[in-house]
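> Before I ask anything, let me first share the structure, which is written out below as structure tokens.
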Amino acid sequence: MKAVVYCDPLSVAVQDVPAPQGDGVLLNVEACGICGTDLTIFKGAHPRSKPPLILGHEFVARIAEDREGFAKGDRVVCFPLISCGTCETCRSGQPHICEVLRLYGIDEPGGMAEQVRIPAADLIRIGDHIPAAVAAQAEPLAVCVHAARRARVKPTDAVAIIGAGPIGTTLAAFLRQEGVSSVKLFDTNATRIDRLKEGGFDAKLVSPAAYKQALAEIGRSGFDVIFECAGAEQAVTDALEHVRVGGRVAIVSIHKGALPVDLQRIAFREIELIGTRVYTRADFEDAVAMMGRMTESLSWIAGDAYGLTDAPDMLRDLANGAGPLKAIVGV
Ligand SMILES: [Zn+2]
Ligand SMILES: [Zn+2]
């Protein structure tokens, strides 16, 4: 079968590999998303991923064999977290922040391939009516559901999202769907801002004046909640600067190391700095349940469809800051 294999830093290829053997339910993959984490792996900067590795942790598939309660043709998405079940965090009921958390497509073979085997317990049913490019976004949507819950967003909150990549944009779409009336996106990429405006988002090019203007528009001195989805030091600084006294800043992006933050500001203004990592099983199931209502916005975010053989070029483009907002490859 064909699979997108991470071979070496900056080297990914579509290869013919043996069909997956062993435990788990055999799946015929329909579509798989390319995520920021895949780009980190591609650059050789992921601390755990080791070549050769079949990429892909965001996929929708059809069951290929009657097995363990599933029938051939059933449609599923993969819950990609592999928790140890025995560490203190797992035992405390928070397996999503397992101390040795692993994922399909990062630590184990993933779904950017014609077929993959996944244990039945990690499969979640999804309706036939959801377009494949939308269903493949269950995982990033779950990230957004989790982040919104961690930040305790209410419909009346004035929300800012710094970093309008796939996660920031999906988060904005999700909050809009949830009835949050004021959601403003900020990004450093002018082309992206123009596209987001065309897509109906309230988006602004990052600058001190842009934050000021955004707050003037809503008549506030600071945002109630700011999501940092950019992964950049300036974004963290901006978030702490423009959140209101007593507000919340959620770190959704994956930072590669320590950054200086203004602790005096955090303490004196009683700002809550909130960590978020992936999603719980409940967040993921809720994301799957709301895909029908999110179809229009998630289709817009996915844009054009690509094939499996396009994946290496797509990874290179995205790593160079080009390519679509969210790349989904059809299999
Ligand atoms: Zn992802
Ligand atoms: Zn654990």
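The values are calculated or read from the model by the stated rules, or taken from the named source; none is laboratory data. Being a predicted model, the structure only gives us computed values, none of them experimental. Ideal geometry is used to build each Cβ from the backbone, glycine not excepted, and the neighbour counts take in all protein chains shown. Protein only, heavy atoms only, side chains kept; ligands, DNA and RNA dropped before computing areas. Shrake-Rupley method; radii C 1.70, N 1.55, O 1.52, S 1.80 Å.
> Can you tell which of Leu273, Ala210, Leu259 lies farthest toward the positive end of the dipole of the stretch 152-275, using +1 and -1 charges on the Cβ of basic and acidic side chains (Lys, Arg; Asp, Glu)?
Of the candidates, Ala210 comes out farthest on the positive side.
> List nothing, just return the count: lysine pairs in the stretch 152-275, 8 or more apart or interchain, with Cα separation under 19 Å.
Close lysine pairs found across the stretch 152-275: 6.
> When only C-alpha pairs under 8 Å and at least 6 residues apart count, what is the relative contact order of the chain, in percent?
The value is 20 percent.
> Expected output is a single nm value to one decimal: the length gained when fully extending between Asp313 and Gln264, i.e. 0.36 nm times separation in residues minus the C-alpha distance. What is it?
Between Asp313 and Gln264, full extension yields an extra 13.1 nm.
> Also, I was wondering about something else. Give me the extension gain from Cys7 to Ala209: residue separation times 0.36 nm, minus the current Cα-Cα distance, reported in nm with one decimal.
So the chain would gain 68.2 nm between Cys7 and Ala209.
> Right, another one. Charges only on Cβ, +1 for Lys and Arg, -1 for Asp and Glu: so what's the dipole of the stretch 152-275 about the Cα centre, in debye to the nearest 20?
Dipole of the stretch 152-275, to the nearest 20 debye: 100 debye.
> Report the one residue of Phe174, Ala250, Val5 whose Cα lies farthest in the direction of the positive end of the charge dipole of the chain (charges on C-beta: Lys and Arg +1, Asp and Glu -1; origin at the Cα centre).
Ala250
> To continue, here is another question. Read phi for every residue in the stretch 113-127 and hand back ³J(HN,Hα) as whole Hz from Karplus 6.51 cos²θ - 1.76 cosθ + 1.60, θ = phi - 60°, with x for Gly and Pro.
So the Karplus estimates, Gly and Pro as x, are 7, 5, 9, 8, 10, 10, x, 4, 5, 9, 10, 10, 5, 9, x Hz.
> Angle, helix 138-150 long axis vs. longest principal axis of the chain, Cα atoms, 0 to 90°, nearest 10?
So the helix axis and the longest Cα principal axis differ by about 40 degrees.
> Could you check how many percent of all C-alpha pairs in the chain are farther apart than 31 Å?
31 percent
> Given Cβ point charges of +1 (Lys, Arg) and -1 (Asp, Glu) and nothing else, what value in debye, to the nearest 20, does the dipole of the chain about its Cα centre take?
For the chain, the charge dipole is close to 700 debye.
> In sequence order, what are the phi-derived ³J(HN,Hα) couplings for the stretch 50-66 according to the Karplus relation 6.51 cos²θ - 1.76 cosθ + 1.60 with θ = phi - 60°, rounded to whole Hz, with x for glycine and proline?
Using θ = phi - 60°, the values come out as 10, x, x, 9, 7, 6, x, 10, 10, 9, 10, 8, 10, 5, 9, 8, 5 Hz.
> Identify which of Asp224, Asp66, Asp238 has the largest mean-square fluctuation in a Gaussian network model of the chain, with springs joining Cα atoms closer than 10 Å.
The residue that fluctuates most here is Asp66.
> Relative to the first principal axis of the alpha-carbon coordinates of the chain, what is the inclination of helix 208-218, with its axis defined by its Cα atoms, in degrees from 0 to 90 and to the nearest 10?
80 degrees
> Restricting to the chain, what percent of DSSP beta bridges are antiparallel, rounded to 5?
That works out to approximately 55 percent antiparallel.
> Another one. Given a 1.4 angstrom probe, I'd like the percentage of the accessible area of the chain that is carbon and sulfur, rounded to a whole number.
On the chain, the fraction of accessible area on carbon and sulfur atoms equals 51 percent.
> In addition: 5 Å is the cut-off here: which amide hydrogens, built 1.01 Å from N in the peptide plane, fall below it relative to Glu108, excluding neighbours closer than 5 in sequence?
Those lying under 5 Å, H to H, from Glu108 are Leu103.
> Shape verdict for the stretch 187-264, please, from the Cα gyration tensor: rounded (a/c under 1.5), prolate (a/b greater than b/c) or oblate.
Judged from the Cα gyration tensor, the stretch 187-264 comes out oblate (a/c at least 1.5, b/c at or above a/b).
> Also, quick follow-up: Search the structure for amide H atoms under 5 Å from the amide H of Ser182, placed 1.01 Å from N in the peptide plane, and list their residues when 5 or more places away or on another chain.
Distant-sequence amide H within range of Ser182: Val159.
> Loop sites only, by DSSP: take the GluC sites (Glu not before Pro) in the chain that have at most 11 other C-beta atoms within 10 Å and name the longest stretch containing none of them.
Result for the longest clean stretch: 100-269.
> Only four residue types carry charge here, +1 at the Cβ of Lys and Arg and -1 at the Cβ of Asp and Glu. Report the dipole size of the stretch 236-282 about the Cα centre in Debye, rounded to the nearest 20.
In total the dipole reaches around 240 debye.
> Across the stretch 83-100, in residue order, what do the Karplus-derived ³J(HN,Hα) couplings come to in whole Hz, using 6.51 cos²θ - 1.76 cosθ + 1.60 with θ = phi - 60° and x for Gly and Pro?
9, 6, x, 10, 5, 4, 5, 4, 5, 7, x, 10, x, 6, 10, 2, 5, 10
> Using a Gaussian network for the chain with springs between C-alpha atoms less than 10 Å apart, which of these wobbles most: Leu26, Leu185, Leu215?
Answer for the Gaussian network model of the chain: Leu215.
> Over the stretch 138-198, what is the relative contact order in percent, taking alpha-carbon pairs closer than 8 angstrom and at least six residues apart?
Relative contact order here is 36 percent.
> Right, here's the next one. Angle between the Cα long axis of helix 166-177 and the longest principal axis of the chain, 0 to 90 degrees, nearest 10?
Compared with the principal axis, the helix lies near 70 degrees.
> I've got another one for you. Springs between alpha-carbon pairs under 10 angstrom, Gaussian network model over the chain: which of Tyr306, Tyr104, Tyr279 fluctuates most?
Of Tyr306, Tyr104, Tyr279, the Gaussian network model singles out Tyr306 as fluctuating most.
> Tell me, in nm to one decimal, what length is gained between Ser221 and Thr86 on full extension, where the rule is 0.36 nm per residue of separation less the Cα-Cα distance?
44.0 nm
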